[in-house]
Amino acid sequence: MGMSQVFVLLATSSMKGCRFIRSRLLMRPNSLRFVGAKVAIDGFLFGPLDLLVFFSYMGFATGKSVPQIRKDLKRDLIPAFVLEGGIRPIVRVANFRFVPVRTNRF
């Protein structure tokens with residue numbers, strides 16, 4: 001599976017998650033609960049997955065072996081996730097709140 005296929009898979013599942021929040025949980029787009037639910041799903045579900053794909057791809061792209069990539073993941077994944085947790089939610093709240101859902105693909 002190539003990186004573009006992984007990206008399409010993540011984007012598609014993100015859009016389906018948005019539809020789930022809207023239809024099953026009966027939340028209005030742009031409401032505080034809707035934005036909070038999307039930020040929580042993005043942070044706790046897609047955040048670690050994005051980092052895992054990114055670090056793995058960068059390891060393979062630089063020619064590292066699988067054991068080296070595992071070692072780097074064990075060392076870097078948790079600190080990166082914690083650091084991302086301080087910055088990403090602020091950007092995502094602005095994105096989910098002010099960009100119309102029809103044009104917001106992520």
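For the reader, a short list of remarks on this structure follows.
- Checked against (1) more than 15 Å from the chain's Cα centre (by Cα); (2) at pLDDT below 85; (3) in a helix (DSSP H, G or I), Tyr57 passes all but condition (2).
- Hits in the range 77-102 (condition: surrounded by 13 or more Cβ atoms within 10 Å (Cβ to Cβ) and either over 15 Å from Lys38 (Cα atoms) or at pLDDT 90 or above (or both)): Leu77, Ala80, Phe81, Glu84
- Meets criteria (free of Cβ contacts under 8 Å to residues at least 40 places away in the same chain, surrounded by 16 or more Cβ atoms within 10 Å (Cβ to Cβ) and under 17 Å from the mean Cα position of the chain (by Cα)) for Ala37: yes
The values are calculated or read from the model by the stated rules, or taken from the named source; none is laboratory data. Everything numeric here is computed off the predicted structure, so don't read it as measured data. Note that we place each Cβ from the backbone using ideal geometry, even for glycine, and neighbour counts take in every protein chain shown.
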